[in-house]
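Computed from the coordinates by the stated procedures, all read-outs in this text should not be read as laboratory data. Note that this is a predicted model, so its numbers are computed, not measured. Neighbour counts run over all protein chains shown; Cβ positions are idealised from the backbone, glycine included.
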Amino acid sequence: MKVTETKLKGCFIIAPSVFKDSRGYFFESFNEPKFEELTGQNGHFVQDNQSASTYGVIRGLHFQKGEHAQAKLVRVIEGSVLDVAVDIREGSDTYGQWVAVELTGENNLQFYVPRGFAHGFSVLSETAVFAYKCDNTYNKASEGGIIYNDPSLGIDWGIPEAARSLSEKDLALGRIGAV
């Protein structure tokens, strides 16, 4: 397993060791002690989620506030997504900055997004199956979000504007300053 910290402290790209032969492949998608040793982060997750989406779907940018804040370990099982994390930690040197990584069913990369970050993704392939582990359970009263096209962020989602598909809820989100 190879772990690379991004320009945003606490966000990691994780490349598992994949073993391939004529029968297919095998990789360990998560190992709590190894994860904690290589990242220095808490690796105890309590909730797994999975979504399926079609090309052009943008989900996010979402986060949980306060005691219900969540760290996420995300990956793509099938297809391709552009995964984005935005630093929303007040007082952080990188507040308002974002990082993106392409996650695919072929590259098997994972992306660790710590608490204090908004998270979202866009689907670059015809379809995608997206999985994520959370270190805290979801709480509706604690949910928050940032509009995907906040001009102060300038995120290029890799999807032409005419092909973008968002939920009504995500289209109603505010700008980063309103977080």
(request) Report, in debye and to the nearest 20, how large the dipole of the stretch 45-178 comes out about its Cα centre when Lys and Arg carry +1 and Asp and Glu carry -1 on their Cβ. (result) 320 debye
(message) Under a crude label model (7 Å from the Cα following the beta-carbon direction), how far is N139 from T94 in nanometres?
(response) 2.6 nm
(message) For the chain, what does the relative contact order come out to in percent, with C-alpha contacts under 8 Å and a separation of six or more?
(response) 29 percent
(request) Loop only per DSSP, at most 16 neighbouring Cβ atoms within 10 Å: give me the GluC sites (Glu not before Pro) in the stretch 111-179, ordered by residue number. (result) E126
(message) Starting from 0.36 nm per residue, how many nanometres of slack lie between D21 and K2 once their C-alpha separation is accounted for?
(response) 4.8 nm
(request) For the chain, with a Gaussian network of springs between Cα atoms less than 10 Å apart, report the residue from V129, V84, V46 with the top mean-square fluctuation. (result) V46
(request) Report, in deg cm²/dmol and to the nearest 500, the calculated mean residue ellipticity at 222 nm for the chain, where each DSSP H run with n ≥ 4 adds -39500 (n - 2.57) and the sum is divided by the residue count. (result) -1500 deg cm²/dmol
(message) Residues of the stretch 131-172 with the amide nitrogen closer than 17 Å to a label point 7 Å from the Cα of N49, along Cα-to-Cβ, please.
(response) 131-148, 166-172
(request) Quick one: go through the stretch 77-98 and flag any residue whose amide nitrogen is under 19 Å from the point 7 Å out along the Cα-to-Cβ line of R164. (result) 81-87, 96-98
(request) Among the lysines, select those whose C-alpha is under 27 Å from the C-alpha of K2, and discard any that sit fewer than 8 residues away in the same chain. (result) K20, K34, K72, K133
(message) Distance between the C-alpha centers of the stretch 139-179 and the stretch 36-92? Whole Å please.
(response) 15 Å
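Just the number, please: percent antiparallel of the DSSP beta bridges in the chain, rounded to the nearest 5.
The antiparallel proportion sits near 95 percent.
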(message) Along the charge dipole of the chain, pointing to its positive end and built from +1/-1 on Cβ of Lys, Arg, Asp and Glu, which listed residue (W98, N42, I14) has its Cα farthest out?
(response) N42
(request) Identify which of G116, G144, G40 has the largest mean-square fluctuation in a Gaussian network model of the chain, with springs joining Cα atoms closer than 10 Å. (result) G40
(message) Treating only the Cα positions of the chain as identical point scatterers, give the base-10 log of I(q)/I(0) from the Debye formula at each q in 0.10 Å⁻¹.
(response) -0.37
